[in-house]
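Report on the following structure.
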Amino acid sequence: GQNIDQPTEMTATEGAIVQINCTYQTSGFNGLFWYQQHAGEAPTFLSYNVLDGLEEKGRFSSFLSRSKGYSYLLLKELQMKDSASYLCAVRDLTGNQFYFGTGTSLTVIP
Amino acid sequence: DTEVTQTPKHLVMGMTNKKSLKCEQHMGHRAMYWYKQKAKKPPELMFVYSYEKLSINESVPSRFSPECPNSSLLNLHLHALQPEDSALYLCASSQEGSGRVSGEQFFGPGTRLTVL
């Protein structure tokens, strides 16, 4: 089976840095994705990791350790608009199936 | 065009009705997906089409019937639904991805379905 875990909720202060963790145990691995989803809207793609290490895109960075089955999304200089749900997803070896984690609801406070 | 469109945006139907949800993309993606999402939960995969053929059916009840008329269109036919089927139905598409090619999913805005 597939098991992808994230913290359910997090709160952070505007301007600060927050790290959202994702641990996974899947039968195959072909990339890990992070998506952002605002309430009532569709998920939008944030980042992709397939090799170990850090990928940086502006205020967002994502890290992967395949041996540990672990990833994190780092959000810097938090803004109020970053309040959203953050979804971690693992793609399987067929390339067609994406397994989503439980999602982390982030609230940014002034 | 990097957009996935879905119609209708909202749908209210009775348990005896038959309706269809539609999804369209013109990015040349050969994989298309239907997800069901309940409030404060992650999307749950229902169906995957790859090159217009159904490749994954996640044990979805037969009252949901997918159809892929061509590589740009995906439909979800609904019949005899139950109130617990009320949810946001998301369509997504992706190109083939592996290695450095991400092949991320592009999601449509969803159809908010209410079954009375």
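The values are calculated or read from the model by the stated rules, or taken from the named source; none is laboratory data. From a predicted model like this one, the values you see are computed outputs, not experimental measurements. Note that each Cβ is placed from the backbone with ideal geometry, even for glycine, and that neighbours are counted across all protein chains shown. We work out accessible area using only protein heavy atoms, side chains counted, and drop any ligands, DNA or RNA first. Shrake-Rupley method; radii C 1.70, N 1.55, O 1.52, S 1.80 Å.
So how strong a dipole does chain A carry about its Cα centre when Lys and Arg Cβ are +1 and Asp and Glu Cβ are -1, to the nearest 20 debye?
I would put it at about 160 debye.
In percent, how large is the relative contact order of chain B, given Cα pairs closer than 8 Å and 6 or more residues apart?
Relative contact order, chain B: 36 percent.
If you build a Gaussian network model of chain A, linking Cα atoms that sit under 10 Å apart, which residue out of A:SER47, A:SER71, A:SER27 swings the most?
Result: A:SER27 has the largest fluctuation of those listed.
Using a 1.4 Å probe and counting only protein heavy atoms, arrange B:ARG112, A:ARG59 so the residue with the most accessible area comes first.
Descending accessible area places them as B:ARG112, A:ARG59.
Pairs of alpha-carbon atoms within less than 8 angstrom and 6+ residues apart define the contacts here; what relative contact order does chain A have, in percent?
37 percent
Any idea how far the Cα center of the range B:69-84 sits from the one of the range A:29-55, in Å?
27 Å
Find the eigenvalues of the gyration tensor of the Cα atoms of the protein assembly as shown, then list the square roots of 5 times those eigenvalues as equivalent ellipsoid semi-axes, largest first, in whole angstrom.
So the three semi-axes of the protein assembly as shown are 30, 21, 15 Å.
Tell me which residues come under 5 Å, amide H to amide H, from A:LEU46 once H is placed; ignore anything under 5 positions away on its chain.
Here the answer is A:TRP34, A:TYR35, A:GLN36, since their amide H atoms fall under 5 Å of that of A:LEU46.
Please report the net charge: other residues with Cβ closer than 15 Å to the Cβ of A:LYS68, K and R +1, D and E -1.
Value of the local net charge: -1.
Other chains' Cβ within 10 Å of B:37-47 residues: what's the mean?
Average neighbour count from other chains, rounded to a whole number: 4.
Could you tell me what percent of the DSSP beta bridges with both partners in chain B are antiparallel, to the nearest 5?
Close to 90 percent.
Placing +1 at every Lys and Arg Cβ and -1 at every Asp and Glu Cβ, with all other atoms neutral, what dipole size does chain B have around its Cα centre, in debye to the nearest 20?
Computed about the Cα centre, the dipole is about 340 debye.
Treating the beta-carbon of each Lys and Arg as +1 and of each Asp and Glu as -1, no other charges, what is the dipole magnitude of the protein assembly as shown about its Cα centre, to the nearest 20 debye?
Its charge dipole is roughly 360 debye.
Amide H to amide H, which residues 5 or more places from A:GLY103 or on other chains are under 5 Å from it, using H placed in the peptide plane?
A:GLN6, A:CYS88
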